[in-house]
Amino acid sequence: MNSTPAENRLDLRITPEIKQLAMRASALCGSRSLSEFVVQAIREKAARAMEETELLRLQNDAFDAFWAACEDAPAPNEALRAAMSRREQRIEIGELATSEHAATTAADRPA
């Protein structure tokens, strides 16, 4: 857990029932404060939401079919190479963002 002091605030309007529910759950979980409990709940819910939207789960047969299609993919044609070149140019001028993991250079691609 991060030991850096928190600098930002989050103000919430909640019903008395929700506050009582959160306070009870906080005590049951051994949280030092209601704020600590709420922060942990946000962290857990955010991680779950991102995992559910960013992670693709496949049955074994579906994965095998996907892998086979990737392995048997045709070489890039001229239209695809031109599109990749335009994408690189947009990234270079800052018009399009990318992650380091997804970025490749023209030298990495087959001609």
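Read the figures in this text as sums done on the coordinates, not as results from a lab. Just so we're clear, the structure is a prediction, and the values are computed from it rather than from any experiment. A quick note on method: Cβ atoms are made from the backbone with ideal geometry, for glycine too, and the neighbour counts reach across all protein chains shown.
Quick notes on this structure:
- Convex hull volume per residue, computed on the Cα atoms of the chain, equals 237 Å³.
- Counting only alpha carbon atoms, the long axis of helix 34-54 and the longest principal axis of the chain meet at about 20°.
- The Kirkwood hydrodynamic radius of the range 8-73, based on inverse pair distances between different Cα atoms, is 15.3 Å.
- Each peptide in 83-90, 7-14 receives the mean, over its residues, of other Cβ atoms within 10 Å, and ordering these scores from highest gives 83-90, 7-14.
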